[in-house]
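All remarks here apply to the structure that follows.
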Amino acid sequence: MSLSDVMYHLHKGTLYTAYEHFGAHVMDSNEGMKTRFRVYAPNAESIDLVGSFNDYALGAHPMEKVDDAGVFETSLEGDLTGERYKYAILSKQGERLYKSDPFAFYSANRPDTVSRVARLDFSWGDGSYMRRLRESAPYDKPVSIYEVHLGSWMRKPDGGFHSYRELAGHLIPYVASLGFSHIELMPIIEHPFDGSWGYQGTGYYSVTSRYGSPEDFAYFVDAAHQAGIGVIVDWVPGHICKDAHGLYRFDGSFLYEYDDDSIRENPVWGTANLDLGKGETRSFLISNALFFMRKYHIDGFRIDAVSNIVYYMGESDRGVNEGALAFLRALSKAVFAECDGAILAAEDSSAFPKVTHPIEHGGLGFNYKWNMGWMNDTLKYFQKDPIYRKHHHSNLTFSLMYAFTENFILPFSHDEVVHGKGSLVDKMPGDYWQKFANYRALIGYLFTHPGKPLLFMGSEFAQMNEWNDADELDWQLLSYPVHDSARRFTRDMNRVMHAEKALHEADHVPEGFEWIDADNADESVISFVRYSRGREEMLVVVLNLTPTPRHDFPLGVPRKGTYHEIVNSDKNVYAGSNLFNGAPRESIDEPMHGRDQHIRVLLAPLSISILKWEG
């Protein structure tokens, strides 16, 4: 593609290979190896390339303006892989700015802010996994997501970070043992401040050097894929860090951001909002998404703070941001043109309609949306003392009024276990035993409610302390039987969800769900049926959310036959009181709950039970 064609598509917002045309690239020419540097900076009067190869001296390697639109370029002899560099930009207003490369594939570790020349040459071994990924969408597949912050999942004995390669040896086998289908990584783009968790980035094309090199990260993804585990990354296209070396005011102008400071400056996060209506910004970001898919074989993206993208400043009364909506639709088209089986999930707390509907039907084109309403209502309910739960019964049942309006992910994410909110198990009321019983019922509800479950690290073994990004998880808790039993229950729920078609095949259609009794507020009992596609297979799910055991409890069932209990959270292997339905339950030809048959079951205190129908 000629430079004039590159610039045409850059300005139009349709340059989806921008990383091939800008940044630092080692090239083999007739004259031998050389490294070309190219940057777009229309407000620059001049630019000097400064780096480890010229002692960061101004004037040593001036860059030539090769396009009237503001493209500057220079080439240096040899393969400069590993060398450090910046662009010393003199703006038309006379301001000197030292900027890292927006398209750098690698960055120096903080507190250094320079870019590094890198070649992305990795030999992949995940061919069969990638072929399966491209075959079909994930809707009727068993998807369960383990959310991870790489820097605090596990630390070295001296408190240092594990590398991507070391994490591949620890994290991936652990996730596989739990049965999760995907790992979701909190942002792994380069960012200057550990405490931002990656949500305030400066290097969109650089995987953070805290944990190693680009090749190390590719090794991690390859290892995950060879273990059958997908990798989703948390991606932040809405706003940027304002550190001096980053994208913010890149050439002395608001090149990628809004020009209007009333919609650019984001006081809540201390960041700047990107103008997603600008062609240059669209090209930069959509190229970035495809870059991660092509170069790192990423399975998909969780898009952060979609409400802040859809509405100006995240405020609906400011109006819908049409330029941002056009960006999201273009992103969706590009991602799914690249891979039908990708996940594109919106972290959206707003009521904006049709987020996961096809673009041709007026939707935004995501294939998943985080169900923030379900998460908030469920946790509000479970935090209540059981004696008061009957007054808040609708918190547990309301989600089914809208459960099939979008394709939902059910998130118990990092946001629910920080900033004084406490861990999942610590939110639960009651004494120590009741806290863990409530926790198991909560995890069971997560895996049996329509939608795809997501659980933040540490929650699988009921960590007592809320998450602290400056330290590793409390792994010593696994030496205590009650915590190891919590981990076992999470693992077993994963296994059941994967094995039983009724818990994953019809997650997003009304035909996959049916209430047995949604109205038993006085006893705080809910019961429902989950069906497989075509309703060939069926499970009955019942939760007793008081500490009172209920013997010989009647449940109307839609089919005559035998019902075997396949899960009971009160079994002693899960540190429960061991009240469970050991013998199969035969249906009785007497009406109950509007059905012709019913079964009688034992409901353990603060428990979930799953019974499988056999005709």
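The values are calculated or read from the model by the stated rules, or taken from the named source; none is laboratory data. Keep in mind it's a predicted model, so treat the numbers as computed, not measured. FYI the Cβ positions are ideal-geometry reconstructions off the backbone, even for glycines, and counts take in every protein chain you see.
Counting only residues that are touching a Lys or Arg at 6+ places or on another chain (Cβ under 7 Å) and surrounded by 18 or more Cβ atoms within 10 Å (Cβ to Cβ), the stretch 554-584 holds 7 of them.
Condition check for Glu135 on (1) crowded, with 21+ Cβ neighbours inside 10 Å; (2) in contact with an Asp or Glu (Cβ under 8 Å, 6 or more places away or on another chain): one failure, at (1). The number of residues in the stretch 20-61 being more than 21 Å from Arg96 (Cα to Cα) and charged (D, E, K, R) comes to 5.
With respect to (1) outside any strand (DSSP E or B); (2) buried (at least 21 other Cβ atoms within 10 Å of the Cβ), the lone exception for Asp469 is condition (2). Criterion applied to Val529, Val573, Val496, Val567 was being farther than 20 Å from Lys452 by Cα and aliphatic (A, V, I, L, M), and the one residue passing it is Val573.
When Ala518 is tested against (1) of a type outside the set (Ser, Thr, Tyr); (2) assigned by TED's automatic domain parsing to the domain that holds Leu446; (3) in contact (Cβ under 8 Å) with a residue 12 or more places away in the chain, just one condition goes unmet, and that condition is (2). Only residues that are of a type outside the set (Gly, Ala, Ser), surrounded by fewer than 20 Cβ atoms within 10 Å (Cβ to Cβ) and in contact with a strand residue (DSSP E or B) (Cβ under 9 Å, 6 or more places away or on another chain): list them for the stretch 314-338, please. Within the stretch 314-338, Asp317, Arg318, Val320, Phe336 qualify.
Conditions tested, residue by residue: (1) surrounded by fewer than 24 Cβ atoms within 10 Å (Cβ to Cβ); (2) touching a residue at least 24 places away in the same chain (Cβ under 8 Å); (3) of a type in the set (S, T, N, Q); (4) outside the structural domain of Ala575 (by TED's automatic domain parsing).
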site	(1), (2), (3), (4)
Ile409	no, yes, no, yes
Val418	yes, yes, no, yes
Gly422	yes, yes, no, yes
Gly430	yes, yes, no, yes
Gly458	no, yes, no, yes
Asn465	yes, yes, yes, yes
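Checking each residue of the stretch 84-101 against the condition of being under 25 Å from Tyr296 (Cβ atoms), touching a residue at least 40 places away in the same chain (Cβ under 8 Å) and of a type in the set (Gly, Ala, Ser) gives at least one match. Checking Asp222, Asp194, Asp216 one by one, the residue that is more than 16 Å from the chain's Cα centre (by Cα) and either modelled with pLDDT under 95 or of a type in the set (Ser, Thr, Tyr) (or both) is Asp194 and no other. Considering Arg495, Arg535, the condition of being farther than 15 Å from Ile610 by Cα, basic (Lys, Arg) and surrounded by fewer than 21 Cβ atoms within 10 Å (Cβ to Cβ) is satisfied by Arg535 alone.
Considering only residues in the stretch 1-48 that are among the acidic types (Asp, Glu) and assigned to a strand (DSSP E or B), the one that is surrounded by the most Cβ atoms within 10 Å (Cβ to Cβ) turns out to be Asp48.
For first residues located in the stretch 57-75 and assigned by TED's automatic domain parsing to the domain that holds Gly23, partners that are loosely packed, with under 14 Cβ neighbours inside 10 Å and of a type in the set (Val, Ile, Thr) and lie 6+ apart or on another chain with Cβ distances below 8 Å form the pairs Phe72/Val66; Glu73/Val66. Do we find that Ser253 is polar (S, T, N, Q) and more than 30 Å from Val418 (Cα to Cα) in this structure? When the stated conditions are applied, Ser253 passes them.
For the stretch 244-302, which residues satisfy the criterion of being part of a loop (DSSP other than H, G, I, E, B) and over 23 Å from Val71 (Cα atoms)?
Hits for the stretch 244-302 are Asp260, Pro267, Val268, Trp269, Gly270, His297, Ile298, Asp299.
Of the residues making up the stretch 80-117, those that are outside any loop (DSSP other than H, G, I, E, B) and aromatic (Phe, Trp, Tyr) are Tyr85, Tyr87, Tyr98, Tyr106. From the list Ile309, Ile263, the lone residue that is more than 19 Å from the chain's Cα centre (by Cα) and either farther than 23 Å from Gly323 by Cβ or β-branched (Val, Ile, Thr) (or both) is Ile263. Screening Leu442 on (1) in contact with a Phe, Trp or Tyr (Cβ under 8 Å, 6 or more places away or on another chain); (2) part of a helix (DSSP H, G or I); (3) surrounded by fewer than 22 Cβ atoms within 10 Å (Cβ to Cβ) shows it passes everything except condition (3).
Does the stretch 539-560 include one or more residues that are over 26 Å from Phe436 (Cβ atoms), touching a Ser or Thr at 6+ places or on another chain (Cβ under 9 Å) and either acidic (Asp, Glu) or assigned by TED's automatic domain parsing to the domain that holds Met493 (or both)? Taking every residue of the stretch 539-560 in turn, none turns out to be over 26 Å from Phe436 (Cβ atoms), touching a Ser or Thr at 6+ places or on another chain (Cβ under 9 Å) and either acidic (Asp, Glu) or assigned by TED's automatic domain parsing to the domain that holds Met493 (or both). For the stretch 340-356, the set of residues classified as part of a loop (DSSP other than H, G, I, E, B) and not aromatic (Phe, Trp, Tyr) consists of Asp340, Gly341, Ala342, Glu347, Asp348, Ser349, Ser350, Ala351, Pro353, Lys354, Val355, Thr356, listed by residue number.
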